[in-house]
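The structure under discussion appears below in the form of structure tokens.
Read-outs: derived from the displayed coordinates by stated rules, not from any lab. Owing to the predicted nature of the structure, the values given are computational and were not obtained by experimental measurement. Ideal geometry is used to build each Cβ from the backbone, glycine not excepted, and the neighbour counts take in all protein chains shown.
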Amino acid sequence: MFSQRIDGHTAPNALGELLARKRAAGKPLLDLTQSNPTRVGLDYDGAAILGALARPGALVYEPDPRGRPEALKAIAAYYHGLGCPLDAAQLFLTASTSEAYGFLFKLLADAGDEVLIPTPGYPLLAYLARFEGVRAVSYPTRYDEKSGWTIDLEVLQALITPRTRAVLAVSPNNPTGAYLKSAELALLDDLCVRRDLALVVDEVFADYAGPQAPHERLGTVAGRTRGLTFVLNGFSKLVALPQVKLGWIAVSGEATKVRAAGQRLEALLDFYLSVAGPVQHAVEVLLAGRNAIQRQIIDRIDANERWLRQRAAQTDHCHVLRREGGWYAVMEIRDALGDEARVLGLLERHNTLVHPGFFYDFRREGFVVLSLLPPPGIFQAGAGHLLA
Ligand SMILES: Cc1ncc(COP(=O)(O)O)c(C=O)c1O
């Protein structure tokens with residue numbers, strides 16, 4: 001009766017089962033997977049946010065498949081601030097970045113076609129592709145202590161088949177925190193042009209640079225490529241308001257392809273009209289508040305990371321990998337435990353939740369991923385158990 005798109009994704013894993021048991025027993029948890037910015041004690045300008053969402057204009061239904069022109073103008077101004085002269089006509093609103101991926105897969109791929117996605121990487125991408133009948137094929141990114149994470153372009157190239165439609169990159173990547181470098185982008189762009197592939201770059205964490213960010217960090221990939229390129233972003237990270245539900249697609253590259261993609265995207269979006277009116281009226285005000293909330297998040301993340309690095313350096317078995325940006329720390333742990341046993345033991349004995357590396361497709365055992373967002377008291381207590 002049911003499609004195969006969601007086959008096998010409903011059964012809970014061992015960590016999920018243990019977590020459900022802990023929660024049912026009412027155990028307070030030290031949750032170091034917490035990625036919800038509205039639950040970590042940040043100081044939001046509540047009056048400004050609620051005021052922006054309660055504009056009288058929101059009482060009128062004015063459907064526009066691309067989004068309200070004033071909202072598009074405000075987002076275009078954000079890109080101008082990053083040095084990219086993007087036109088509002090190159091922008092398309094969606095209800096989230098995840099939804100934006102869904103629209104792009106519908107736009108670019110037929111059932112059975114393939115898209116290339118980075119590993120280690122955010123597990124959501126493969127699911128979103130699968131839900132559109134598209135096969136996600138993983139390409140490797142490799143780590144070394146001096147240069148951090150880089151894309152293995154040779155392997156990526158070898159993975160291209162006649163069914164490949166797009167290369168996806170996440171900059172900075174989740175969870176590795178690696179930004180796409182300009183030399184990497186140039187090679188990817190060249191490859192995509194030669195093989196007639198679209199390039200999709202997810203920049204939801206782009207504004208969250210860490211102390212180890214590369215000097216030549218690109219503000220955005222939008223407007224920097226020759227080939228057809230889709231840059232994704234949205235409010236869940238950019239202004240730390242995942243509940244207002246706004247994402248967007250910025251289309252750039254070769255003009256005729258940009259036009260053709262835009263016409264098709266607009267036609268697709270017209271069938272859904274999924275972006276709520278109140279948020280479209282609030283875009284300019286919510287974007288204007290981004291610096292204040294981003295500052296708090298960056299300070300929190302940097303402080304938690306500093307503490308973690310200091311403590312890990314005092315052990316001989318834990319090492320925090322380079323983090324150029326984003327909200328997560330990747331820690332390598334050299335001990336006799338397997339990843340699953342480690343995270344289960346930590347939750348069972350210390351009520352501390354972390355993600356094992358295999359959730360993100362790390363190629364070998366020995367990695368955990370920690371969100372750097374939790375308040376320092378929770379972070380230090382939980383990470384202290386892990387380090388011990
Ligand atoms: C890399 C990346 N892209 C997209 C998303 C989803 O964003 P949205 O809430 O806009 O769907 C996330 C969420 O954590 C993410 O980590």
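Rounded to the nearest 0.05, the FRET efficiency derived from the C-beta distance between residue 363 and residue 5 at R0 = 25 Å is 0.40. Computed from label points 7 Å out along Cα-Cβ, the spacing between residue 62 and residue 284 is 1.1 nm.
Based on the Kirkwood approach, the hydrodynamic radius assigned to the range 89-196 is 14.5 Å, with every pair of different Cα atoms included. For the range 242-348, chymotrypsin sites (Phe, Trp or Tyr not before Pro) are listed when DSSP marks them as loop and at most 14 other Cβ atoms sit within 10 Å of their Cβ; the list is 271, 272.
Tally Lys/Arg at +1 and Asp/Glu at -1 over every other residue whose Cβ is under 14 Å from the Cβ of residue 380; what's the total? Please list the in-between numbers first.
On the way: positive: 300, 306, 309, 311; negative: 31, 305.
Net local charge, residue 380 excluded: +2.
Considering only DSSP beta bridges where both residues belong to the range 46-288, give the percentage that are antiparallel (nearest 5). If I count the DSSP bridges inside the range 46-288, around 45 percent turn out antiparallel. What FRET efficiency do you get for residue 313 and residue 111 if R0 is 35 Å and r is their Cβ-Cβ distance, rounded to the nearest 0.05? The formula returns an efficiency of 0.10 here.
Each peptide among 155-164, 222-231, 180-189 gets the average number of other Cβ atoms lying within 10 Å of its residues, and from highest to lowest they stand as 222-231, 180-189, 155-164.
How big, in percent, is the set of alpha carbon pairs in the range 192-292 lying more than 16 Å apart? In whole percent, the long-distance tail amounts to 66. Over the residues of the chain, the helix contribution to mean residue ellipticity at 222 nm works out to -12000 deg cm²/dmol, using -39500 (n - 2.57) for each DSSP H run of at least 4.
Determine by what factor the alpha-carbon radius of gyration of the chain differs from 2.2 N^0.38 Å, reporting the quotient. In units of the globular-protein estimate, the chain measures up at 0.99. Among the listed pairs 22/146; 146/237; 73/146; 181/237; 22/106, a Cα-Cα separation exceeding 30 Å is found for 22/146; 73/146; 22/106. Going through the range 282-388, which GluC sites (Glu not before Pro) have at most 12 other Cβ atoms within 10 Å and a DSSP loop state? Qualifying residues, ordered by number: none. Once the Cα-Cα distance is subtracted from the 0.36 nm per residue extended length, the residue 13 to residue 259 segment shows a gain of 84.1 nm.
Against the 2.2 N^0.38 Å scaling, with N counting residues, where does the range 1-150 land? I'd like the Cα-based Rg ratio to two decimal places. Can you show the working numbers first?
On the way: Rg = 20.8 Å, N = 150, 2.2 N^0.38 = 14.8 Å.
Here the answer is 1.41, to two decimals.
The length gained by stretching the chain between residue 294 and residue 21 to full extension, at 0.36 nm per residue less their Cα-Cα distance, is 94.8 nm. Here the contact order of the chain, divided by its residue count and restricted to Cα pairs under 8 Å and six or more residues apart, works out to 24 percent.
By the rule of a C-alpha distance below 15 Å, with chain neighbours fewer than 8 residues away ignored, the aspartates and glutamates paired with residue 257 are 189, 196, 266.
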